[in-house]
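No value in this document is a laboratory result; all are computed from the given coordinates. Owing to the predicted nature of the structure, the values given are computational and were not obtained by experimental measurement. Glycine also receives a Cβ, built like all others from the backbone with ideal geometry; neighbour counts cover every protein chain displayed.
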Amino acid sequence: MSPFELTPLKPASNPCPLETFVACAHQMLDPATPEPVLCAIEPRLLAQLPALRALGVFELFAIRDPGLRAWLDDELAKLVTSPRLFHVMETHE
């Protein structure tokens, strides 16, 4: 498999958020990754952030690449400050 190809996901598969994040991050850090592939990887990587934050991954592990770390810190800050997409409604009986 070429390092520039996105890993195809089977429609029925449910990949682990950490596995998807690591695979996307590796491709994003590869200087040989073409721009169209980077554009396709970015939303996949960002989609994993809420699950990884909820699991506490970023409290246990540090991103060593300074550029990727700064970008993810910005994106994680947006998650914290943005309004929830949904909320749980309480019912009172």
Inset, instruction - For the stretch 17-79, give the magnitude of the charge dipole about the Cα centre (Cβ charges: +1 Lys/Arg, -1 Asp/Glu; no others), in debye to the nearest 20. - result: 140
Legend entry - Nearest-0.05 FRET efficiency for E59 and A32, computed from C-beta distance (R0 41 Å): 0.80
Inset, instruction - First measure r as the distance between the Cβ atoms of K78 and A51, then evaluate 1/(1 + (r/R0)^6) with R0 = 22 Å and state the FRET efficiency to the nearest 0.05. - result: 0.90
Inset, instruction - Calculate the spin-label point distance for E19 paired with L68, positioning each point 7 Å from the Cα along the beta-carbon direction, and give it in nanometres. - result: 1.8
